[in-house]
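For reference, the structure is listed below as structure tokens.
Here, each number is a calculation from the coordinates, and none is a lab measurement. All figures in this text were calculated on a predicted structure; none of them were measured in a lab. Here the Cβ is made from the backbone with ideal geometry for all residues, glycine too, and neighbour counts use every protein chain on show.
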Amino acid sequence: MLPSGLTLRHVLVVGVDGVRFDLLGPEVTPVIWGFGRDGFLGPVPVDEGTPTWSGPCWATIATGHGVDRHGITGNDLTGHRLADHPDFVTLATRAGLPTLLAVSGWPPLALAEDGGPLFAEAARREFVAVAEKSLAGWDAADEALTGLAASILAEDGPRMSFVYLGAVDAVGHVLGAGAAYREAARAADHRVGRLAAAIRSRRSFADEDWTIVVVTDHGHLDRGGHGGREPEVATAWAAAAGPGIRPADRTLITGQTQIAPLALAALGPITGS
Ligand SMILES: [Zn+2]
């Protein structure tokens, strides 16, 4: 039993790959849209020096540093300098906190493939592979990963978690940013809602402070694909809600380097906790 007034702080960061900012809205992504009402939701430009590929964008989000520091310029992470600039899950893990890394579909975020893992250390590490190399396979992997992560969040309540969903980006690459892409975003938004509901279902929820951050790495061209500086590609976004997030603050997150510091700050002082 905690002394009254003392609550344990928890942070969940959900990464949804390749979701265009102009797709967000109350119809397609009601859960993410709700962050704009209760907390923060806004566009986040991909820094000029960061190629709009998943590798460099996620590295910047995870470490709080740009390409000049982490050294990742593409989807092969080989030669990175992540040891000098660790990700936010690793930093929380090294502080002795229970942490979760849960990744669907794209190996180098979690595994020693293509120069990975981008997230070096986690108390619990889950990876769900795309069993069948198809869009249905990507959807199934996101679905399985969501169920797994939801049960871990509900039962174990890690202090710092990163959960990654990859299916929206896969649809964008194959079919472009049309109706199927919107449906994939709708499914991802529903999965974000399931993760949030799992947190609210915790028996100890009333004694805990949870900050939830949802973020994408880059957008997509109408015809699908990314890597350039077109506005629909180079405009990412972030959403956040929690005890320290003031709804009126429209400038909370204006760059991808700000997400890791925000997630770590939301934990409060972590050394010795
Ligand atoms: Zn991506």
Original post:
Is the shape of region 3-48 rounded, prolate or oblate, going by the alpha carbon gyration tensor and its root eigenvalues a ≥ b ≥ c, with a/c under 1.5 for rounded and a/b larger than b/c for prolate?
Top reply: prolate
Original post:
In nm, to one decimal, how far is the ARG81 label point from the THR251 one, both placed 7 Å along Cα→Cβ?
Top reply: 2.9 nm
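If a/c stays under 1.5 just call it rounded; otherwise compare a/b with b/c (prolate if a/b is bigger, oblate if not). Do that for region 1-143, with a ≥ b ≥ c from the square roots of the Cα gyration tensor eigenvalues. Show your work: numbers first, answer last.
Details: a/c = 1.31, a/b = 1.07, b/c = 1.22.
Rounded, since a/c falls under 1.5.
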Subject >> the chain: calculated mean residue ellipticity at 222 nm from DSSP helix runs of at least 4, using -39500 (n - 2.57) >> reply: -10500 deg cm²/dmol
Original post:
So, counting K/R as plus one and D/E as minus one, what does the shell of residues with Cβ under 12 Å around THR78 add up to?
Top reply: -2
Subject >> Amide H contacts under 5 Å for ARG9, placed H, 5+ residues apart >> reply: ASP209
**OP:** List the longest stretch of the chain that has no exposed loop site; here a site is one of the GluC sites (Glu not before Pro) assigned by DSSP to anything other than H, G, I, E or B, with at most 11 other Cβ within 10 Å.
**Re:** 133-273
Original post:
Where the convex hull is taken over the Cα atoms of the chain, what is its projected area averaged over directions, in nm²?
Top reply: 13.2 nm²
Subject >> Ranked list, fewest to most other Cβ atoms within 10 Å of each Cβ, for VAL213, VAL103 >> reply: VAL213, VAL103
Original post:
Using the 10 angstrom Cβ neighbour count as an exposure proxy, how do THR90, THR251 rank, fewest first?
Top reply: THR251, THR90
Subject >> Descending Cα extents along the principal axes, region 146-231, whole Å >> reply: 47, 23, 16
Subject >> Magnitude of the charge dipole, region 114-184, Cβ model with Lys/Arg +1 and Asp/Glu -1, debye to 20 >> reply: 120 debye
Subject >> Cα lying deepest toward the dipole's positive end in region 26-101, options PRO45, PRO86, GLY55, charges on Cβ >> reply: PRO86
Original post:
How far is helix 135-155 tilted, in degrees, relative to the longest principal axis of the Cα atoms in the chain, given as a value from 0 to 90 rounded to the nearest 10?
Top reply: 10 degrees
Subject >> Charge dipole magnitude, Cβ of K and R +1, D and E -1 - region 167-245, Cα centre, debye nearest 20 >> reply: 280 debye
**OP:** Pull up all non-local amide H partners of VAL44: gap of 5 or more, or a different chain, and H-to-H distance under 5 Å with H placed in the peptide plane.
**Re:** ALA236, TRP237, ALA238
**OP:** Measure off 7 Å from each Cα along the Cα-to-Cβ vector at LEU8 and ASP209, then give the distance between these two points in nanometres to one decimal.
**Re:** 1.5 nm
**OP:** Let me know the charge dipole size of the chain about its Cα centre in debye, to the nearest 20, where only the beta-carbon of Lys, Arg (+1) and Asp, Glu (-1) is charged.
**Re:** 640 debye
**OP:** Among GLY224, VAL174, GLY193, flag the residue with its Cα farthest along the positive direction of the charge dipole of region 146-273, charges on Cβ as +1 for Lys/Arg and -1 for Asp/Glu.
**Re:** GLY193
**OP:** Add +1 for every Lys or Arg and -1 for every Asp or Glu among the other residues with Cβ under 15 Å from the Cβ of LEU267, and state the total.
**Re:** 0
**OP:** Identify, among PRO261, VAL163, GLY244, the residue whose Cα sits farthest towards the positive end of the charge dipole of the chain, taking +1 on the Cβ of Lys and Arg and -1 on the Cβ of Asp and Glu, with the dipole about the Cα centre.
**Re:** GLY244
**OP:** Decide, for region 84-166, between rounded, prolate and oblate: order the square roots of the alpha carbon gyration tensor eigenvalues as a ≥ b ≥ c, take rounded if a/c falls under 1.5, and otherwise choose prolate if a/b is larger than b/c, else oblate.
**Re:** oblate
